[in-house]
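Take a look at the structure below.
Read-outs throughout are calculated quantities, based only on the coordinates presented, and are distinct from any laboratory measurement. A quick note: this is a predicted structure, and the numbers were derived from the prediction, not measured. When we count neighbours, we look across all protein chains shown, and the Cβ atoms used for this are built from the backbone with ideal geometry, even at glycine.
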Ligand SMILES: [Zn+2]
């Protein structure tokens, strides 16, 4: 009962952290693009276009990357489970010994380990092996499509913010405003990440703002150099 609740908590905070990371990505890469173009251009259209393209391309690449990585993980899990099923049919005694060994390694006495292994095998052998030997349980079982949609949506949620700034901020202060808003957005998502991950809020905000500033300065510099050269 207790482990069940803990698992759910860990699972949920994992999702939240992934969502926050995706949103940070969206904020940072879209703002960097917008700043890079804004530093090189005096008109709004190219900035908005770059931000929009950045959001779309970023979301698609997040989705594709996540889909590939999660589905290959899912393939591995499926074939592991198939092999385990076969082994349980063909050599149940060896599998029981294997399971006993796992519980001994986790600190049980060999007598108790044997007893636990026997009871869990009687209850649901495949489930016991999947969980304690392979580390697969229902909760962590990979879902590629959901994972892809989740990280694309998280990226879009973050990327839309600098896109809105690109559309509405006065063009004269575009670079400064993009930067300031991005820091605010990152600080908000840093707070979310900290409360999801249980780490220190100040530390997590400082970290994301520092690296965000480095990234945005670099792209502003590229845009500035490009703008100087083009004019
Ligand atoms: Zn096994």
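General remarks:
- For the chain, diffusion coefficient by Stokes-Einstein and Kirkwood Rh (Cα), 37 °C, 0.692 mPa s, µm²/s: 158
- Extension gain from residue 78 to residue 145, taking 0.36 nm per residue of separation minus the Cα-Cα distance: 22.5 nm
- Here each label is just a point 7 Å from Cα along the line to Cβ, and for residue 71 and residue 18 those points are 1.6 nm apart.
- Ascending count of other beta-carbon atoms within 10 Å, so fewest first, for 103, 179, 173: 173, 103, 179
- Highest GNM mean-square fluctuation among 95, 115, 84, for the chain modelled with Cα contacts below 10 Å: 115.
- MRE, 222 nm, helices only [DSSP H, n ≥ 4, -39500 (n - 2.57), over the chain, to nearest 500]: -31000 deg cm²/dmol
- Cα-projected label distance for residue 221 with residue 112, points at 7 Å along beta-carbon direction, nm: 5.9
- Extension gain, residue 211 to residue 85: 0.36 nm times the residue separation minus the Cα-Cα distance gives 40.6 nm.
- Computed extension gain for residue 188 through residue 105, at 0.36 nm per residue and net of the alpha carbon distance, reaches 25.5 nm.
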